[in-house]
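*Asks:* Handing you this structure, nothing more for now.
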Amino acid sequence: MKLDWNTDTLSPAQYKIADYIQKNLHTVLFSTEQEIGDALGLSIASVSRFWRSVGFKNIKDFKAHVREQLEVAPVTPAGKMKSIMDKGDADALPGQLLDVSIRNLEETVQHYSPEAIEASVSALLSANTVYLYGPGPSAGLVELMHYRLRRFGLSIRRLDRGGSELFEDLLHIYKGDLVVIFGFVRLLPEAKVIVQHAKEQGYHTLLITDRLISDFSDQTDTTLFASRGETWEFHSMIAPTFLIENLIIAVGKRNQEAHLHKLDELNKLRKKYGSELPR
């Protein structure tokens, strides 16, 4: 994103700030005035005065404007990857990625709903069969849920087919079943069909999404939020994984004795046949 500023009217210090912002825009969106000043060797007062010189009330006003523009601009995989690569050099990158991950986790916890988790656990345990739909990068989350929840004895299946082949799976989903939908950023056509079919057939749907406000969060029976960062950023799966692991543990704690018995049985099988099927 190119910032259209008239640098001819800026003082040397203000020009320095403008140049830094242009080169480090995504970093600045999550920086304080103190951090910007420290990076440039300028006082916080100099940074505070800068915003009015380029047409904004303050740093908050500037950030809101930039985020609005970035939301309008096309977001591509290359653009999101570039946004994380531009945050710093290779040595600093792990720490910066950790900061982003912590921010996403904090936002997820901020909107964590014990009531929604309880409703999700009840839906998972009461379902005749649980179906998991998670295309693209969500496939790893689907695999995690499938692997862990099957250990508790849940009847759980993956919905791997897209397009018109999805109809072959919908044919066998009935009232009393549950479909878990991973709908990050937007709801894909297949997910929309699942939601509509659920309303007609009477089975339940659980949506896991990174959108607090969307046009589909009120169309499913239960919704869980997990932050993956801003729209223009590289989308991390750390917070969604954190949410899924919390959900798995909550399922395990419900009917704990029976679920631990299943894990004990698994351990016995490993001991008995471990030499035949080594890990």
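*Asks:* Do we find a residue being out of contact with any helix residue (DSSP H, G or I) (no Cβ under 7 Å at 6 or more places or on another chain) and under 30 Å from GLY136 (Cβ atoms) anywhere in the range 255-264?
*Replies:* No, because not a single residue in the range 255-264 is out of contact with any helix residue (DSSP H, G or I) (no Cβ under 7 Å at 6 or more places or on another chain) and under 30 Å from GLY136 (Cβ atoms).
Here is a yes/no grid of residues against (1) within 24 Å of ASP99 (Cβ to Cβ); (2) open to solvent by 40 Å² or more (accessible area, probe 1.4 Å); (3) polar (S, T, N, Q); (4) at pLDDT 85 or above:
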residue: MET1; (1), (2), (3), (4): yes, yes, no, no
residue: GLN22; (1), (2), (3), (4): yes, yes, yes, no
residue: HIS26; (1), (2), (3), (4): yes, yes, no, no
residue: GLY37; (1), (2), (3), (4): yes, no, no, yes
residue: ILE44; (1), (2), (3), (4): yes, yes, no, yes
residue: SER48; (1), (2), (3), (4): yes, yes, yes, yes
residue: PHE56; (1), (2), (3), (4): no, no, no, yes
residue: LYS60; (1), (2), (3), (4): yes, yes, no, yes
residue: VAL72; (1), (2), (3), (4): no, yes, no, no
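Conditions (1) more than 24 Å from the chain's Cα centre (by Cα); (2) of a type in the set (S, T, N, Q); (3) farther than 30 Å from ASP264 by Cβ, marked per residue:
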{"site": "THR129", "(1), (2), (3)": "yes, yes, no"}
{"site": "TYR133", "(1), (2), (3)": "no, no, yes"}
{"site": "LEU141", "(1), (2), (3)": "no, no, no"}
{"site": "HIS146", "(1), (2), (3)": "no, no, no"}
{"site": "SER155", "(1), (2), (3)": "yes, yes, no"}
{"site": "LEU159", "(1), (2), (3)": "no, no, yes"}
{"site": "GLY162", "(1), (2), (3)": "no, no, yes"}
{"site": "LYS192", "(1), (2), (3)": "no, no, yes"}
{"site": "GLU200", "(1), (2), (3)": "yes, no, yes"}
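*Asks:* Counting just the residues of the range 173-187 that are over 21 Å from the mean Cα position of the chain (by Cα) and either modelled with pLDDT under 95 or buried (at least 20 other Cβ atoms within 10 Å of the Cβ) (or both), which one comes out farthest from LEU224 (Cα to Cα)? Break it down stepwise before answering.
*Replies:* Taking the range 173-187 and keeping what is over 21 Å from the mean Cα position of the chain (by Cα), we get 173-178.
Those still in the list that are either modelled with pLDDT under 95 or buried (at least 20 other Cβ atoms within 10 Å of the Cβ) (or both) too: 173, 177-178.
Values: ILE173: 22, ASP177: 18, LEU178: 15 Å.
If we take residues in the range 173-187 being over 21 Å from the mean Cα position of the chain (by Cα) and either modelled with pLDDT under 95 or buried (at least 20 other Cβ atoms within 10 Å of the Cβ) (or both), then ILE173 is farthest from LEU224 (Cα to Cα).
*Asks:* Sticking with this structure for a sec: Could you list, in sequence order, all residues of the range 202-217 that are open to solvent by 50 Å² or more (accessible area, probe 1.4 Å) and at pLDDT 95 or above? Talk me through it step by step, then tell me what you get.
*Replies:* Taking the range 202-217 as the starting set, the residues that turn out to be open to solvent by 50 Å² or more (accessible area, probe 1.4 Å) are 204, 211-213, 215.
Matches in the range 202-217: HIS204 only.
*Asks:* Are there helices (runs of 4 or more DSSP H) fully within the range 1-65 with at least 3 residues that are among the small types (Gly, Ala, Ser), in contact with a helix residue (DSSP H, G or I) (Cβ under 9 Å, 6 or more places away or on another chain) and outside the structural domain of ARG103 (by the TED database)? List them.
*Replies:* 44-53
The values are calculated or read from the model by the stated rules, or taken from the named source; none is laboratory data. All values reported here derive from a predicted model rather than from experimental measurement. Heads up, the Cβs are rebuilt from the backbone with ideal geometry, glycines too, and the neighbour counts pull from every protein chain shown. For accessibility, only protein heavy atoms count, side chains too; no ligands or nucleic acids. Shrake-Rupley method; radii C 1.70, N 1.55, O 1.52, S 1.80 Å.
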